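Down below is the structure, laid out as structure tokens.
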Amino acid sequence: MGNQFSQHSNPTAKFSEEEASGASLRRKKVFIVTDASSGVDRKLAQLLYSLDTKIYLAGSSREQSEQAISEILTALPDSKGELYFLEVNLEDLDSIKAAAAKFLSKESQLDALWNDTGVILPSPSKTEQGHDLQLGVKCLAASLFGKIGVRHAKLPSHVRSVQLRSTD
């Protein structure tokens, strides 16, 4: 009975926020956060930047991502973190391959991929490869980005991949 109950409730945290702070990050951690130009993903990028990490803001709009980078830099001038734009259009699977290749040409480590995907446009919009836009972005593109960027990148096995999907 106890085992069944524990499966239906959140476990108690085994570490505190203080233990997960910048002091515990001895080497500079590297993250990719998709769609980090706004919303919760941008807040995550700002939080990670405050912990002196290296973050790649992956998205299709250079202008919006650079605006987010500028605002994060202004908000946290004392951080020793690094912020970069990584161009990727999740509506085009070829763009994902190019983004992963560009990232791998610059980095030999990746600690986490925060892959938050979603689209606002209603179906029957299509991806560049002709897939339904919702299926293409939320499932195919996200899985491919994770597969190329994490599993097949010859990166250490400790890479975390967080996959989120919106319900719009």
Original post:
Within region 47-81, can you find the residues that are over 15 Å from the mean Cα position of the chain (by Cα) and not in a loop (DSSP other than H, G, I, E, B)?
Top reply: S50, R62, E63, Q64, E66, Q67, S70, E71, I72, L73, T74, A75
Original post:
Mind checking which residues of region 71-89 are surrounded by 17 or more Cβ atoms within 10 Å (Cβ to Cβ) and polar (S, T, N, Q)?
Top reply: S79, N89
**OP:** Please state which of the following conditions D92 fails to meet, knowing it meets all the rest: (1) modelled with pLDDT under 85; (2) surrounded by 20 or more Cβ atoms within 10 Å (Cβ to Cβ).
**Re:** (2)
**OP:** Considering only region 65-117, state which residues are in contact (Cβ under 8 Å) with a residue 40 or more places away in the chain and among the β-branched types (V, I, T).
**Re:** V88, I96, T117
Original post:
Is it the case that region 65-84 has a residue that's within 26 Å of K126 (Cβ to Cβ) and at pLDDT 90 or above?
Top reply: yes
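Answer yes if at least one residue in region 83-105 is acidic (D, E) and under 14 Å from T53 (Cα atoms), and no otherwise.
Within region 83-105 (the criterion being acidic (D, E) and under 14 Å from T53 (Cα atoms)), the answer is no, since none of the residues qualifies.
The values are calculated or read from the model by the stated rules, or taken from the named source; none is laboratory data. If you're wondering where the values come from, they're calculated on a predicted model, not measured in any experiment. With ideal geometry, Cβ positions are generated from the backbone for all residues, glycine too; neighbour counts draw on all protein chains shown.
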